[in-house]
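The values are calculated or read from the model by the stated rules, or taken from the named source; none is laboratory data. Treat the numbers as computed from the prediction; the structure is a model and nothing was measured. Cβ atoms come from the backbone with ideal geometry, glycine included; neighbour counts cover every protein chain shown. Keep in mind that these areas ignore ligands, DNA and RNA; they rest on the heavy atoms of the full protein, side chains included. Shrake-Rupley method; radii C 1.70, N 1.55, O 1.52, S 1.80 Å.
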Amino acid sequence: MTDVPAKAATPSASSGSVLLTLMKLRTFIALIAVLIFFSIAAPNFLSTANLILMSKHVALNAFLAMGMTFVIITGGIDLSVGSIVGLCGMVAGYLVLNGIDLQIGYTIYFNVFEIALITLAVGILIGAVNGLLITRLNVAPFIATLGVLYVARGLALLSSDGRTFPNLVGKPELGTTGFGFLGAGRLLGLPVAIWILIVVALGAAYLAKYTPLGRHIFAVGGNERASRISGVRVNMVKMFVYMFSGFCAAIVGLIISSELMASHPATGESFELNAIAAAVLGGTSMSGGRGTIGGTIVGAFVIGILSDGLVMMGVSSFWQMVIKGLVIIVAVVVDQAQRRLQSRVTLMQMAKAG
Amino acid sequence: MSAAAEREIILKLEDISKVYSGTVAVKRANFEVRKGAVNVLVGENGAGKSTLMKIIAGVERPTAGRILLEGEEVSFSSSADAVNRGIGMVFQELNLFGNMSVAENIFATREITNRFGKIDRKEQENRAAEFLERLQAGIRPDMLVEDLRIGQQQLVEIAKAVSLDARILIMDEPTSALSAAEVEILFKVIADLKARGVAIVYISHRLEELIRIGDYITVLRDGRITGQEEMKNVDTQWIVRQMIGSDAKDFAKADGHLPGEEIFRAEEICLPRATGGLAVDHVSLSLRAGEILGIYGLMGAGRSELFDCIMGRHGHSTGAIFIGGIKVTERDTTRRIRRGLALIPEDRQREGLVSILSVASNLTLASLSRFARLFHIRGADERQAVTRMVRELAIKVADPAQEVSSLSGGNQQKVVIGKALLTEPKVLLMDEPSRGIDVGAKADVFRTMRKLSRDGLGILFATSDLDEVMALSDRIAVMSNGKLTGMFDRAEATEAILVAASALGHGPAPHGEHRP
């Protein structure tokens, strides 16, 4: 799952290359393994209803993990996504219920489409704050986004005094109805959330592979100094990845509020950890420069299916945490083993070539 | 210190070889180190001196061969091993912890502790003060290393090595950042150590320095030992002959094309140093299309810093640059590259390449926008450009999708050059373009430089290699201590003139002026 464009293990039938290929496909193999395991161990696991339900769960984490992947590839980290989810949910809920009071006895109400746009803008804006702290003020990404984590969560709680915005059905006379479409609506039999995931994932994968910006994201993570000298606008690239991460988090905030038809200020707590886990499981290297959107999505599916499947089997949630932790550790251990094997194979090839 | 006749051999290397992935750094070297003497090791950049010393100091393990310490075969598994056997080393690149005090650095890994295992700071600082006293550097043991000048840091490194009470002390370019006065003090310390029977291995580029303090000299060329003599039997010419060899280097010949109009001009470039003074001191120069202007200077002369200023890497530099007579107002690297400047940095690993990306991605990194329509990279165009560069620069790579780190040094350098060329520059800045690459690749790089100049590019290249600058340049600029100290046509330049100009303002000459 490294991004080195198809550094295909040469077809020499040495056992090293076969093992290497297996290791590269490890996340995919893990996905198939959990699918097979649960379809045997958990009744109804393979039913369409269950699969759709699970993919909705997975989608939420997958959005965050995609944003996180780009951030991690540049060598950073974004701890604030969970709070952005919460805050954006509150923004959407507030706008549906209250609109914006202009203080002159007149209140603007927005339709659902406008609300979604405003909410996304808020997510991007918070991402931009992260980016500015990191690029302009030279705050370490861990610290900057940790600070924003608290600030955004605090703002979410302040917006309602800690209460939930309930019953977001809206009023037909104000044109604010239809908020439930994002979370509960369906197109061609699939939930809208899944369609959005497909669109965003394809877009992100395209960006990573076929655009200068995508290439620059990898270059910055691989060697920031060399990128700068090559004329890559490093600060702009970093701004983008944090803004994209904020954008993804805003989508999640919208979907959750829409699903529940309510906004709760504590929504999204510790989501950032799941997102990091999915990215790492999908082969993203915490030291930057390596990772793929496809790998991250598969990673999110492994984590999601694992937890839903274990619930269906009736495994206690305490054990679920233990298992999830072990899976992540094993993934990284295999990743390291793969790197070592890879460099050994490369050296051997070089020695053979003379 | 007369009677240098037959001093006892304390350390002997027999048929030592060291192979790195892709390159052979040392080939079957035999080297003897004598007690109570300064054993000088000399060679050009990349000749294998540092590798050989790292083998003695236990940092690297030889691929083949034997090390005999006082007649007994030894093998060091780590530098701590070598230290235990009485071998200390002053490294060329500073191995200090900037966040710790001078005393803590000197006693790192051998901390003085009391009965309860608590570090005895007082004692450490007192002992450190003794060593520092001998170096007369005015460094207090409780100062933080990162607050010291580079020269002072080098002295701390030396104090650290001396404090080991080593029987064999290796000094790799210990004077590269020292002022004339500091060099004198170091030489006194060396004389003192010699009198106490310590064997000193001394590496330096500065021939006059070597001749002054050396007792025995060994010359390395391309990983092989080409000469071993007592210093009193040799002169500068002998050393240079052994270093360069009879087989003159393959410098591509000038083709006699005449340079065109002025394509680049720098005016009054200044760059303040963090520690005060100027790293680049009012440098002005002009370059014509199709001209190769060599910038010669010792380490720390300000060549790389000048290039950094030209590329817009330092926001606080001052001065003006002109391309084709038009002033460049853009201050950031990205837009300066677009205006037609390109830099091949000195440090390939840290500044030239993204080592985990493929050869192809590295080649097109600086010029991606040329292959993109709106935001889409046109794969066919990109591949075509990559193939063209691989062919033109003779980059030896089976598949451009291979990771760039799997290439040899010379081929990696060609990738860096290819990356710069794909931006279609008008002016190419090359900082030590032949550093650390093998002979064949060097010849390729030089040939490429000739070809580019024929095509009308202006090339500014910085080097500390005299032969290179003499053989390749149409004109030669000399820098010393941040200033431009000379500008010569190739016809009038001689090695002596260049060396003299490069020593103005610093260097080890006993009566030279003191560095600010």
Of B:18/B:396; B:160/B:232; B:396/B:442, which sit over 25 Å apart, Cα to Cα? B:160/B:232
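Taking every residue in B:344-353, how many Cβ atoms of other protein chains lie within 10 Å of its Cβ, on average? Could the numbers behind the result be given before it?
Working: counts 1, 4, 0, 2, 1, 2, 4, 7, 5, 4.
Across B:344-353, the average partner-chain Cβ count within 10 Å equals 3.
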Projected label distance in nm at residue A:270 and residue A:102, using a 7 Å step from Cα toward the beta-carbon: 4.5 nm
Take the Cα atoms of chain B, build their convex hull, and give its volume per residue in Å³. 167 Å³
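Sequence gap at least 6, Cα distance under 8 Å: using those rules, report the relative contact order of the stretch B:9-244 to the nearest whole percent. Show your work: numbers first, answer last.
Numbers: 459 pairs, mean separation 66.9, N = 236.
The normalised contact order for the stretch B:9-244 reaches 28 percent.
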The stretch B:188-231-the stretch A:79-133 distance, computed between alpha-carbon centres (Å): 72 Å
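What is the mean number of Cβ atoms from other protein chains located within 10 Å of the Cβ atom of each residue in peptide A:216-222, rounded to a whole number? Don't jump to the answer; show the numbers that get you there.
Working: counts 2, 0, 5, 8, 1, 3, 9.
Mean inter-chain Cβ contacts per residue within 10 Å come to 4.
Roughly what % of Cα-Cα distances in the stretch B:299-433 sit above 17 Å, to the whole percent? Spell out each step's value before the answer.
On the way: 5486 of 9045 pairs.
Pairs farther apart than 17 Å: 61 percent.
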Against the longest alpha carbon principal axis of chain B, how many degrees, from 0 to 90 and to the nearest 10, is the axis of helix B:379-392 turned? 60 degrees
Amide H within-cut-off set for residue B:221, under 5 Å, with H built and near neighbours excluded: B:226
Computed over the stretch B:9-244, the convex hull of the Cα set has an average projected area, in nm², of 13.2 nm²
Peptide ranges A:307-316, A:53-62, A:243-252 listed from the most packed, as the mean C-beta count within 10 angstrom indicates: A:243-252, A:53-62, A:307-316
Please report, as a whole percent, how much of the solvent-accessible surface of chain B comes from carbon and sulfur atoms (probe radius 1.4 Å). 50 percent
So for the pair residue B:113, residue A:336, with labels modelled 7 Å out along Cα→Cβ, what separation do we get in nm? 2.6 nm
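Using the structure shown, select from B:49/B:194; A:238/B:426; B:426/B:451 the pairs with a Cα to Cα distance greater than 18 angstrom. The partial results should precede the final answer.
Values: B:49/B:194 22 Å; A:238/B:426 30 Å; B:426/B:451 14 Å.
Those over the limit are B:49/B:194; A:238/B:426.
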Can you give me the Kirkwood hydrodynamic radius for the stretch A:67-110, using every pair of distinct Cα atoms, in Å to one decimal? 12.8 Å
Amide H neighbours of residue B:482 at under 5 Å, excluding residues fewer than 5 places away on the same chain, with H built from the backbone geometry, are B:302
So who's got an amide H within less than 5 Å of the one on residue A:262, skipping anything under 5 residues away but keeping other chains? H placed 1.01 Å off N, in plane. A:168
Helix B:439-454 vs. chain B, principal-axis angle (Cα, 0 to 90°, nearest 10): 30 degrees
Pairwise label distance in nanometres, residue B:181 with residue B:373, each label 7 Å out on the Cα-Cβ vector: 6.8 nm
From Cα pairs below 8 angstrom and at least 6 apart in sequence, can you work out the relative contact order of chain A, rounded to a whole percent? 33 percent
Sorted by accessible area with a 1.4 angstrom probe, largest first, how do B:31, B:91 fall? B:91, B:31
The protein assembly as shown - Rg and Dmax from Cα coordinates, angstrom: 32.0, 109
Inter-centroid distance (Cα atoms) of the stretch A:315-334 relative to the stretch A:186-230, Å: 28 Å
Would you kindly derive the ³J(HN,Hα) couplings of the stretch B:219-225 from the backbone phi angles with the Karplus curve 6.51 cos²θ - 1.76 cosθ + 1.60 (θ = phi - 60°), listing them in order in whole Hz, with x for Gly and Pro? 10, 10, 9, 6, x, 10, 8
Place a point 7 Å from the Cα of residue B:318 in the direction of its beta carbon; the residues of the stretch B:258-287 whose amide N falls under 18 Å from it are B:266-285
Taking the Cβ of residue B:224 as the center, what net charge do the other residues with Cβ under 9 Å away carry, scoring Lys and Arg +1 and Asp and Glu -1? +2
Just want the answer: with Cβ charges of +1 for Lys and Arg and -1 for Asp and Glu, which residue in B:96, B:227, B:74 is farthest toward the dipole's positive end in chain B? B:96
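Just add up the charged neighbours of residue A:185: K/R +1, D/E -1, any other residue whose Cβ is under 15 Å from the Cβ of residue A:185. Walk me through the numbers before you get to the answer.
Details: positive: A:56, A:186; negative: A:259.
Spelling it out: positives minus negatives among the neighbours equals +1.
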Could you work out how far helix B:180-195 tilts from the main Cα principal axis of chain B, as a 0 to 90 degree angle to the nearest 10? 40 degrees
Under the rule a/c < 1.5 gives rounded, and otherwise a/b versus b/c splits prolate from oblate, where does chain A land using the Cα gyration tensor? oblate
Report the antiparallel proportion of the DSSP beta bridges in the protein assembly as shown as a percent, rounded to a multiple of 5. 60 percent
Could you derive backbone 3J(HN,Hα) for the stretch A:108-121 from the dihedral phi with the Karplus parameters 6.51, -1.76 and 1.60 (θ = phi - 60°), listing whole Hz in sequence and x where the residue is Gly or Pro? 8, 10, 10, 7, 4, 4, 5, 4, 4, 4, 4, 4, 4, 4
Say R0 is 51 Å: what FRET efficiency, to the nearest 0.05, do residue B:268 and residue A:143 get from their beta-carbon distance? 0.80
In sequence order, calculated HN-Hα J values of the stretch B:148-159 (Karplus, 6.51, -1.76, 1.60; Hz; x Gly/Pro): 8, 5, 4, x, 5, 4, 4, 5, 4, 4, 5, 4
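Tell me the net charge near residue A:82. Cut-off is 15 Å between Cβ atoms, residue A:82 excluded, with +1 for each Lys or Arg and -1 for each Asp or Glu. Please list the in-between numbers first.
Numbers: positive: A:153; negative: A:78, A:269, A:272.
Computed value for this residue: -2.
List the accessible area buried at the contact between A and B, summed over both sides and calculated with a 1.4 Å probe, in Å² to the nearest 100.
Numbers: alone 17170 and 23360 Å², together 37890 Å².
Buried surface at the A/B interface: approximately 2600 Å².
How much FRET efficiency would the formula 1/(1 + (r/R0)^6) give for residue B:195 and residue B:350, where r is the Cβ-Cβ distance and R0 is 56 Å, rounded to 0.05?
Working: r = 41 Å, r/R0 = 0.74.
Computed FRET efficiency for residue B:195 and residue B:350: 0.85.
In square angstrom, what is the accessible area per residue of chain B with a 1.4 angstrom probe? Before the final figure, lay out each step's value.
On the way: 22090 Å² over 516 residues.
I get 43 Å² per residue for this part.
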Taking r as the C-beta separation of residue A:118 and residue A:46 and R0 as 41 Å, the FRET efficiency to the nearest 0.05 is 0.55
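Would you mind calculating the gained length between residue A:210 and residue A:318 on full extension (0.36 nm times residue separation, minus the Cα-Cα distance), in nm to one decimal? Before the final figure, lay out the partial values.
Working: separation 108, 0.36 × 108 = 38.88 nm, distance 4.27 nm.
Computed gain between residue A:210 and residue A:318 is 34.6 nm.
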Checking A:141, A:265, A:212 against a Gaussian network model of chain A (alpha-carbon springs below 10 Å), the top fluctuating residue turns out to be A:212
